[in-house]
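Below: one structure, written as structure tokens.
The values are calculated or read from the model by the stated rules, or taken from the named source; none is laboratory data. From a predicted model like this one, the values you see are computed outputs, not experimental measurements. Neighbour counts run over all protein chains shown; Cβ positions are idealised from the backbone, glycine included. Ligands, DNA and RNA are stripped out before the accessible areas are found, and what is left, the full protein with its side chains, is counted by its heavy atoms. Shrake-Rupley method; radii C 1.70, N 1.55, O 1.52, S 1.80 Å.
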Amino acid sequence: MSQIPNTVQVLEKLRWNAHLCKHSHFRASMRGRHLHVLCGVPIVVVNLFLGSLFFSLINAELPDWTKWSGAALALLTALLGGVQTFFNFKKNYEGHREVGNEYLAIARECERLIALYFDGILDLEHLSARVAELNGRYSDINQRAEEYIVGDRVYREALRKQNQKAAQEPSLVQRMARAEESRPATTETVD
């Protein structure tokens, strides 16, 4: 019985990890975008409200409560703007998206190489060289991704999604392993 080579299994593990990282960073990107919008929209709305209200009432004598309300709203927009600037949500979610796309490219290349191997187009020696190259690229992406931290909850959600996807759509290596297991064992008899 022929077994799936260790090099292909290593490539499959790299594909799995790259997909998991992709899911993690895409989910983190969505969360960062949500926080960016959550802080940004009130800033714009409150500033528009305050600007138009006080511009129209520039010569009117206002009661004290409106002055204090306006000051509180201005303070709120300054606070939200400061939070948005400090955490830099836009740069953060764009960085997560970029890193997620790089992990996706690694995963797709792994899938392509596995298919080429099983189709007999790529031999194990050439596959091994490509695995070394992909591991180097993966390591570079990991170093760049250190700036974009993925929280534990986001990681667990991504892992759940990855496991769910794997159950619905087995990888080529999983399908080939199942095909190997289901083949009847052949025994040769010597007469």
### Message
Could you list, ordered by first residue, the pairs with Cβ atoms under 9 Å in which the first is in segment 167-183 and within 10 Å of Ile4 (Cβ to Cβ) and the second is outside any helix (DSSP H, G or I) and among the small types (Gly, Ala, Ser), at least 6 apart or interchain?
### Response
Glu180/Ser2
### Task
Return yes when Thr77 is assigned to a helix (DSSP H, G or I), hydroxyl-bearing (Ser, Thr, Tyr) and modelled with pLDDT under 75 and no when it is not.
no
### Query
For segment 112-133, does any single residue satisfy the condition of being open to solvent by 90 Å² or more (accessible area, probe 1.4 Å), under 15 Å from Trp16 (Cα atoms) and free of Cβ contacts under 8 Å to residues at least 40 places away in the same chain?
yes
### Query
So, in segment 85-111, of the ones that are among the polar types (S, T, N, Q) and surrounded by fewer than 18 Cβ atoms within 10 Å (Cβ to Cβ), which residue ends up nearest to the chain's Cα centre (by Cα)?
Asn101
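Here's the yes/no breakdown for (1) part of a helix (DSSP H, G or I); (2) more than 23 Å from Glu102 (Cβ to Cβ); (3) at pLDDT 90 or above:
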{"site": "His19", "(1), (2), (3)": "yes, no, yes"}
{"site": "Arg33", "(1), (2), (3)": "yes, no, no"}
{"site": "Val41", "(1), (2), (3)": "yes, yes, no"}
{"site": "Gly70", "(1), (2), (3)": "yes, yes, no"}
### Task
Scan segment 1-42 for residues that are over 23 Å from Ser182 (Cα atoms), open to solvent by 70 Å² or more (accessible area, probe 1.4 Å) and without any contact (Cβ under 8 Å) to a residue 24 or more places away in the chain and report the count.
3
